[in-house]
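The values are calculated or read from the model by the stated rules, or taken from the named source; none is laboratory data. Fair warning: this is a prediction, and the values are worked out from it, not measured in the lab. Backbone-built Cβ (ideal geometry, glycine too); neighbour counts: all protein chains shown.
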Amino acid sequence: MAVNAAGSVEIRSALLRLRRSTGLPVAFGGLVEAGHRRMRISELSGTATDSLSRLAVTAGNGLGGKAVALARPCAVTDYSASRQITHEYDAAVAMEGLCSVVAVPVVVRRRVRGVLYGALRTAQPLGDRTLTAAVDAARDVEQALVVRDAARGLLEETARPQTVPSDRGATWEQVREAHAALRALAPRIGDPALRAELLAACGLLTDGPRRADVQLAPRELDVLACVASGATNAATAERLGLRAETVKGYLRSAMRKLGTHTRGETVAAARRAGLLP
């Protein structure tokens with residue numbers, strides 16, 4: 001299963017949040033190309049021209065390249081006149097009419113994965129509130145990429161041929177844990193295509209045909225998947241970002257639909273219905 005790791009959805013969402021929270025007229029950004037120390041600007045928000053579109057920014061060059069090289073936020077008040085940066089990209093920046101610019105790296109496991117920019121068309125200092133909002137937006141992208149990386153790893157695991165022992169031993173328990181992890185990750189994925197691929201992988205892990213007369217809501221399945229992997233209500237709540245009482249409510253609802261009375265009966269019934277591995 002191929003997973004698109006471009007992260008364009010996460011970058012785009014972060015730029016929109018950054019502009020809404022700060023009032024910045026322009027925001028743009030992109031991810032570092034795999035195997036290179038080069039970032040390509042792929043997402044634009046509020047721009048008036050295409051001068052920055054697909055611009056390749058090399059580590060160390062310009063403001064964004066400096067943020068990549070140093071792995072920390074960098075800002076200038078007047079881009080074209082700044083002595084703090086190199087000026088390979090002045091023409092593109094000038095065509096868009098940008099002056100004050102902040103560039104914040106997206107860092108995952110000590111590796112710069114991308115850069116978010118926010119900009120003004122006037123030469124004035126960017127305040128602490130704006131800088132903090134830009135850093136927060138980058139952190140959001142970092143968390144999204146961590147989730148995406150975890151999802152990719154799980155999808156690769158499910159794509160490998162599985163040998164399931166007849167006694168449903170340790171290997172089958174790993175399958176159940178992978179199923180629970182995939183279902184827990186799916187609601188946190190911003191990319192609809194990747195989210196659908198995760199849920200499709202969940203279906204591949206279930207044992208046997210699914211009964212059409214048994215329908216559980218997605219969150220009821222999420223809760224049952226965690227319970228089936230051995231998680232308590234409290235652990236399930238933490239994993240899914242829910243309250244413990246909400247988890248109990250989903251369990252009660254699943255029990256009513258499956259005609260069961262205990263957690264164990266409910267999990268067993270869901271397995272017989274082809275809803276869980």
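Here's the yes/no breakdown for (1) basic (Lys, Arg); (2) within 21 Å of residue 144 (Cα to Cα); (3) modelled with pLDDT of 95 or more:
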{"position": "29", "(1), (2), (3)": "no, yes, yes"}
{"position": "34", "(1), (2), (3)": "no, yes, no"}
{"position": "56", "(1), (2), (3)": "no, no, yes"}
{"position": "79", "(1), (2), (3)": "no, no, yes"}
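For residue 177, indicate whether it is crowded, with 16+ Cβ neighbours inside 10 Å and either of a type in the set (Asp, Glu) or at pLDDT below 90 (or both).
Values: crowded, with 16+ Cβ neighbours inside 10 Å: yes; either of a type in the set (Asp, Glu) or at pLDDT below 90 (or both): yes.
Against the criterion (crowded, with 16+ Cβ neighbours inside 10 Å and either of a type in the set (Asp, Glu) or at pLDDT below 90 (or both)), residue 177 qualifies.
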Exercise. State which residue is modelled with the highest pLDDT when the search covers only segment 37-51 and only residues that are surrounded by fewer than 18 Cβ atoms within 10 Å (Cβ to Cβ) and outside any loop (DSSP other than H, G, I, E, B).
Key: 40
Quiz item: Conditions: (1) modelled with pLDDT of 90 or more; (2) more than 21 Å from residue 188 (Cα to Cα). Residue 170 meets all but one. Number of the miss?
Solution: (1)
Quiz item: Quick check: is even one residue across segment 55-68 closer than 21 Å to residue 125 by Cα, assigned by TED's automatic domain parsing to the domain that holds residue 121 and either of a type in the set (A, V, I, L, M, F, W, C) or within 19 Å of the chain's Cα centre (by Cα) (or both)?
Solution: yes
Quiz item: Name the pairs: first residue in segment 213-240 and closer than 14 Å to residue 272 by Cα and in contact (Cβ under 8 Å) with a residue 60 or more places away in the chain, second residue of a type outside the set (D, E, K, R) and in a helix (DSSP H, G or I), Cβ to Cβ under 7 Å, at least 6 apart or on different chains?
Solution: 214/258
Quiz item: Which is at pLDDT 90 or above and surrounded by 18 or more Cβ atoms within 10 Å (Cβ to Cβ), of 219, 252?
Solution: 219
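Condition check ((1) part of a helix (DSSP H, G or I); (2) without any contact (Cβ under 8 Å) to a residue 60 or more places away in the chain; (3) out of contact with any strand residue (DSSP E or B) (no Cβ under 8 Å at 6 or more places or on another chain)) across all residues:
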position: 15; (1), (2), (3): yes, no, no
position: 35; (1), (2), (3): no, yes, yes
position: 53; (1), (2), (3): no, yes, no
position: 60; (1), (2), (3): no, yes, yes
position: 65; (1), (2), (3): yes, yes, no
position: 69; (1), (2), (3): yes, yes, yes
position: 93; (1), (2), (3): yes, yes, no
position: 99; (1), (2), (3): no, yes, no
position: 106; (1), (2), (3): no, no, no
Quiz item: Looking at segment 138-162, which of the residues that are closer than 20 Å to residue 110 by Cβ and in contact with a helix residue (DSSP H, G or I) (Cβ under 8 Å, 6 or more places away or on another chain) is modelled with the highest pLDDT?
Solution: 138
Quiz item: Out of all the residues in segment 182-198, which are of a type in the set (A, V, I, L, M, F, W, C), assigned to a helix (DSSP H, G or I) and surrounded by 16 or more Cβ atoms within 10 Å (Cβ to Cβ)?
Solution: 182, 184, 185, 186, 194, 198
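Let's see how each residue does on (1) assigned by TED's automatic domain parsing to the domain that holds residue 73; (2) at pLDDT below 95; (3) over 27 Å from residue 271 (Cβ atoms); (4) touching a Ser or Thr at 6+ places or on another chain (Cβ under 7 Å):
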| position | (1), (2), (3), (4) |
| --- | --- |
| 89 | yes, no, yes, no |
| 105 | yes, no, yes, no |
| 116 | yes, no, yes, no |
| 120 | yes, no, yes, yes |
| 183 | no, yes, no, no |
| 187 | no, yes, no, no |
| 191 | no, yes, yes, no |
Exercise. Please enumerate the residues belonging to segment 108-153 that are part of a strand (DSSP E or B) and closer than 16 Å to residue 27 by Cα.
Key: 114, 115, 116, 117, 118, 119
